[in-house]
1. Could you say whether any residue in the stretch 296-305 is crowded, with 16+ Cβ neighbours inside 10 Å, closer than 26 Å to Lys181 by Cα and more than 21 Å from the chain's Cα centre (by Cα)?
2. State whether the residues of the stretch 121-133 include one that is assigned to a helix (DSSP H, G or I) and under 21 Å from Lys74 (Cβ atoms).
3. Hey, Leu99 hits all of (1) over 29 Å from Ile311 (Cβ atoms); (2) crowded, with 16+ Cβ neighbours inside 10 Å but one; which does it fall short on?
4. Identify all residues within the stretch 110-120 that are part of a loop (DSSP other than H, G, I, E, B) and surrounded by 12 or more Cβ atoms within 10 Å (Cβ to Cβ); write none if there are none.
5. Restricting attention to the stretch 183-197, does a residue exist that is out of contact with any His (no Cβ under 8 Å at 6 or more places or on another chain), within 19 Å of Leu66 (Cα to Cα) and modelled with pLDDT of 95 or more?
6. Among the residues in the stretch 132-140, are any surrounded by fewer than 16 Cβ atoms within 10 Å (Cβ to Cβ) and either touching a Cys at 6+ places or on another chain (Cβ under 7 Å) or under 23 Å from Ala254 (Cβ atoms) (or both)?
7. Here is a list of conditions, (1) under 29 Å from Thr216 (Cα atoms); (2) of a type outside the set (Ser, Thr, Tyr); (3) in contact with a helix residue (DSSP H, G or I) (Cβ under 9 Å, 6 or more places away or on another chain), and Leu48 meets all of them except one; can you say which number that is?
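The values are calculated or read from the model by the stated rules, or taken from the named source; none is laboratory data. Note that this is a predicted model, so its numbers are computed, not measured. Here Cβ is always computed from backbone atoms with ideal geometry, including for glycine, and neighbour counts include all displayed protein chains.
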Amino acid sequence: MLKEALFYKTLEDKRIRCLLCPKGCIIENGQRGDCRVRLNRNGILYTLNYKKITSLALDPIEKKPLYHFLPGSKILSIGTFGCNFFCPFCQNWEISQALESDVPTKTLSIEDLAIYAGEYGSCGVAYTYNEPSIWYEFIKDSAPLVKERSLKVVLVTNGYINPIPQKELLPYIDAMNIDLKAFSDDFYVKYTGGHLLPVLRSIEAAYNAGVHIEITNLLITGLNDSPEMIKKLIDWVHHLDPAIPLHFSRYFPAYKMTIPETPVEHVKMAYNMAQEKLHYVYMGNVWNIDANTTYCKHCGRPLIVRRGYEIISYNIESGKCKFCGEEVDGVFE
């Protein structure tokens, strides 16, 4: 079923300018935008992935990754196909770079999603796996029903969305993990097809709207893991709020990129640099217990000790450190 898309402008000769993301694709009649899921049919823009699911699982919230948002909970995680970026290192390229004809899909109504969201002990719904912003119409219709059941809504996103669509969606979003791919516009242009500034603007807007924010940076050997670039990223996060959790993740060859995996030492370097300015820093997919432990910013005692996605020690009571009583940044109940 085709559904008319939101946020577009009709031009001459049945051409369309899409206004959902900063790319602003001008789409000829019969063609698609860069995301491959928005089709111009006779001067009307349609979304091709409405209600279409490629992936569904009950995941630990830590897998998003969100370490300061209902830690230890499970969340129903769903994805569709398509993306407005072209990252050659994409870990989920089988769906993010796919057309609807490339992958099997199932149809899921917004009503059924809201029902499923509260089952199996799930705390809500995470729109994830591929880029959720290009699933905009489905999220905008389904998220309010999830919220009506007193459940949480999470986005795992590249943050590449225009201000007006984002503003209309944010009231329904409880938490976001944003993938800040590099603190370099040149990197964004070359490896994603986008730009850095709109992502920074998107993070700031979500933060100012009161959404719980965590940031992930995938470190790729020789491309975005220089001390200079890492310092710029850390300084920017510190300026916004030093209590925003920052996750450094280790790159492994995937999709079209064959650069060798990022040495653990490079991730540790970034981790150590960030600890000097930020309250909560983590090393993803390194499986180091210390580097995935949440420490109290006041007394330094371990608050949440993690082994992978498993919590093996929890020392937060009513949102405060059990040892010194300092409030812990995040959502814990």
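1. Taking every residue of the stretch 296-305 in turn, none turns out to be crowded, with 16+ Cβ neighbours inside 10 Å, closer than 26 Å to Lys181 by Cα and more than 21 Å from the chain's Cα centre (by Cα).
2. Among the residues of the stretch 121-133, at least one is assigned to a helix (DSSP H, G or I) and under 21 Å from Lys74 (Cβ atoms), which makes the answer yes.
3. Among (1) over 29 Å from Ile311 (Cβ atoms); (2) crowded, with 16+ Cβ neighbours inside 10 Å, the lone unmet condition for Leu99 is (2).
4. Gly118
5. No, there is no match, as no residue in the stretch 183-197 is out of contact with any His (no Cβ under 8 Å at 6 or more places or on another chain), within 19 Å of Leu66 (Cα to Cα) and modelled with pLDDT of 95 or more.
6. Taking every residue of the stretch 132-140 in turn, none turns out to be surrounded by fewer than 16 Cβ atoms within 10 Å (Cβ to Cβ) and either touching a Cys at 6+ places or on another chain (Cβ under 7 Å) or under 23 Å from Ala254 (Cβ atoms) (or both).
7. Checking Leu48 against (1) under 29 Å from Thr216 (Cα atoms); (2) of a type outside the set (Ser, Thr, Tyr); (3) in contact with a helix residue (DSSP H, G or I) (Cβ under 9 Å, 6 or more places away or on another chain), the one that fails is (3).
Condition check ((1) basic (Lys, Arg); (2) over 23 Å from Glu276 (Cβ atoms); (3) touching a helix residue (DSSP H, G or I) at 6+ places or on another chain (Cβ under 7 Å)) across all residues:
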residue: Arg149; (1), (2), (3): yes, yes, yes
residue: Pro171; (1), (2), (3): no, yes, no
residue: Ile178; (1), (2), (3): no, no, yes
residue: Thr192; (1), (2), (3): no, yes, no
residue: Met229; (1), (2), (3): no, no, no
